[in-house]
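One structure is given below, encoded as structure tokens.
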Amino acid sequence: MILKVGFQVMEKLLMGVGGGVPRSFSKPLVDVLYKLTTHYLQQSRQWLQVLLAQEGFPSALVNQTDKDIFIKGILGHRSLKKFKEYTNDFSKKCRGLGDTTFG
């Protein structure tokens, strides 16, 4: 079932993490993203690469290098703590908060 809708689920999760929802709502999205990438690693890698290859997705404030670091970081660590760090850093960059007191 998830393999049929996984791409769309991944797209919505990344849109939320990338600024589509308030920061206070992003924790549940990160938890779902973690579970998805843990249980469907190869599919998640493909979905992430396709989605993040799009210009301006999920935010025009991140470049391809930021996206590559994000993919490598979340897929390269099985630790939830590290996963959250990479996701939060990416989210801050997407929202333009990387170099502010909020970041």
Between V62, V32, V17, which gets the highest mean-square fluctuation from a Gaussian network model of the chain, Cα cutoff 10 Å? V32
With a cut-off of 11 Å, note down the residues of the stretch 1-25 whose backbone N falls inside the zone around a label point 7 Å from the Cα of H39 toward its beta carbon. 1-3
On a 0 to 90° scale, report how tilted helix 64-76 is relative to the longest principal axis of the chain, with both axes built from alpha carbons and the result rounded to the nearest 10. 50 degrees
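Neighbouring Cβ atoms within 10 Å as the yardstick, rank M1, M15 fewest first.
M1, M15
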For the stretch 1-81, just the Cα atoms, rotate onto the principal axes and tell me the three extents in Å, largest first. 31, 26, 26
For I69 and Q46, what does the FRET efficiency come to when R0 = 25 Å and r is the distance between their Cβ atoms, rounded to the nearest 0.05? 0.85
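At 0.36 nm per residue, and after removing the present C-alpha to C-alpha distance, how many nm does the segment from L97 to I2 gain when stretched out fully?
On the way: separation 95, 0.36 × 95 = 34.20 nm, distance 3.26 nm.
Stretched out fully, the L97 to I2 stretch lengthens by 30.9 nm.
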Between S24, S44, S91, find the one with the highest GNM mean-square fluctuation for the chain; connect C-alpha pairs within less than 10 Å. S24
Relative contact order [Cα under 8 Å, 6+ residues apart], the chain, whole percent: 29 percent
What residue among G18, G56, G73 has the largest mean-square fluctuation in a Gaussian network model of the chain, using Cα springs under 10 Å? G56
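A short reminder: the numbers here are calculations on the coordinates, not readings from a lab. It should be emphasised that the depicted structure is a prediction, and the values quoted were computed from it without experimental measurement. Glycine also receives a Cβ, built like all others from the backbone with ideal geometry; neighbour counts cover every protein chain displayed.
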